[in-house]
Amino acid sequence: MSSHISTATGARRPYLVWLVPVLWTLALGVWGLSRQNSVWRDEAATWQVAERSPGEIWHLLGQVDAVHGLYYLLMHALFEVFGASTTTLRLPSVLAVAVAAGCVALIGRRLAGPWAGLAGGLALGLLPAVQFQLQEGRSYALVAGGAGLSTLLLVSLVPLTTATGARPGRRAWPRWTAYGALVLVCALLNWFSLLILPAHAVTLWWARAGRRVVAPWLLASGAGVAGALPLILFSRTQSVQVSWIPPLTWHMMIGPGVLLAIGALAALADLRGGPRTGLPARLTAASVGLPLLAVPLLGLTAASLIQPLFLDRYVLFSMLGLALLIGAALGAAVRALAPRYPRASGALVPAVVAVSAVALLPVALADRSPASRVDDVLAVAGEVSALKRDGDAVLFVPAARRDTALVSPGAFAGLKDIALVRSPSESGTLKGEEAAPAQISAALREQRRVLLVTDSGKKAKPSGSAADRAKAAVLRAEFTVVEDRQVRGRRVTVYERRG
């Protein structure tokens, strides 16, 4: 029974090994894609920049967010063609993770057999970190898709050049060129993706690849790094953007430590199974998956000891290594069961995936709810629309909360943004430029009714901005609160002048 299933999947219908994980991941991605029509602050940055012209985006990148430049231009093109919506915002991430799942399946099939490939591809979309970014309007899922493609190319090239011992010929160089191009594109999307190169270097060392493999790899990867180097150097001048990231603590390393332990155990199970394919025995799922999981996590940890940078989404692509190792371990379990329990071995992977999906259902439901993110700029825009009167003034504390007006300008029609002197697009910023505190205070004293948009509850923090302190002082001294609503991490307070 198991042999029949394995043969059917791996030989007569090999496309099912990658097609099933791709369709599975797409289904997970489109399920609840709008998150009840909510958009949080990071996605709001993507949304508002994507609606600017290419010239305005270029102006912005000279001031902030240069590291996301290529992604913003891509999203601008998609918004132009398909319109601004949560579907357009998030569907690229869904498609990218589906591509990554297909790549994991193909790598697993090549290195550890069809069951390993199928299990690894299905596992990727269930991993909690991946589920969170699967429907996120940011660049990290796209990087994961590119990482999957580049790793698949590397796996196809190592045996191609190592097994024969010949110099790379016409068949190899186009793939090496594509590899270098993928490295570059991923780096332009987020240059932390370059941590995949030391991971691939460990794989080549593990596989004892000769210079005829290492030389073209060095050339291709070096070209990718060289192409991204200007962006890396320039974006370092904007490092204030990541100054909010907290210093690394032992508590922050618990999650990555658990993932590394799981990956190590899965790699051990794969190594104990021995070679299963016609490829050189030194190239295994463990030699590809374990470096891909461990090296980016450890590299980001090391960098964070110098400057706080540790956010697991920066190395989301390392989850491809974990999925590959999980698939290889399940593949080894199927082979171990097959001789004595052929029927049970054929049902093992579907059963494990089904049980895992049920066990992780609370995580999946939570990730698809508005409460899974810090705030919701669309929800607060709805409250503003309900509370406003034509001629009212509006203030944002801090100024970054202006993002809700940029994403939903219709909700703020008729309101006067009395603190703003230069719009975000004009100033090349995400939040615009506000007037001096004295000017804001004077303008505020001329208003009869003011709507204040800020953070709600525990998320609200005292602002160090002099302009924000001036806003608060005048409101406190000369106005009375007549309405106060909190919704999904944001707050709208309506003030009326006393008397």
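The values are calculated or read from the model by the stated rules, or taken from the named source; none is laboratory data. As the structure is a computational prediction, the values presented were derived from the model and not from experiment. In this analysis, Cβ positions are derived from the backbone assuming ideal geometry, glycine residues included, and neighbour counts consider all displayed protein chains. These accessible areas exclude ligands, DNA and RNA; they are computed on the full protein's heavy atoms, side chains included. Shrake-Rupley method; radii C 1.70, N 1.55, O 1.52, S 1.80 Å.
One table, with the values for the structure above:
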item: Charge-dipole axis of region 333-398 as Lys and Arg at +1 and Asp and Glu at -1 on Cβ define it, positive-most pick from Val397, Leu337, Val374; result: Leu337
item: Listed residues His59, His251 arranged by accessible area, highest first, probe 1.4 Å; result: His251, His59
item: Using θ = phi - 60° and Karplus 6.51 cos²θ - 1.76 cosθ + 1.60, couplings along region 363-371 (whole Hz; Gly, Pro as x); result: 5, 4, 5, 5, 5, 9, 9, x, 5
item: Between 0 and 90°, nearest 10: helix 342-359 axis offset from the chain longest Cα axis; result: 10 degrees
item: In Å², nearest 10: area of Leu430 left accessible to a 1.4 Å probe; result: 50 Å²
item: For region 302-452: rounded, prolate or oblate by the Cα gyration tensor [a/c cutoff 1.5]; result: prolate
item: Amide hydrogen neighbours beyond the local backbone of Arg490, cut-off 5 Å, H modeled; result: Asp376, Ser456
item: Mean separation of Cα contacts under 8 Å (6+ apart) over length of the chain, as relative contact order %; result: 18 percent
item: Vicinal HN-Hα couplings computed from phi for region 440-453 (Karplus, 6.51 cos²θ - 1.76 cosθ + 1.60; Hz; Gly/Pro x); result: 5, 4, 5, 5, 5, 5, 8, 9, 9, 9, 9, 9, 10, 9
item: Loop-resident sites, region 169-268, for chymotrypsin sites (Phe, Trp or Tyr not before Pro), counting at most 15 other Cβ within 10 Å (DSSP); result: Trp244, Trp250
item: For region 347-399 versus region 439-458, the gap between their alpha-carbon centres in whole angstrom; result: 27 Å
item: On Cα atoms only, tilt of 140-162 relative to the major axis of the chain in degrees; result: 20 degrees
item: On Cα atoms only, tilt of 377-387 relative to the major axis of the chain in degrees; result: 20 degrees
item: Residue-by-residue Karplus 3J(HN,Hα) for region 296-309, coefficients 6.51, -1.76, 1.60, Hz, glycine and proline x; result: x, 5, 5, x, 5, 4, 4, 5, 6, 6, 8, 9, x, 9
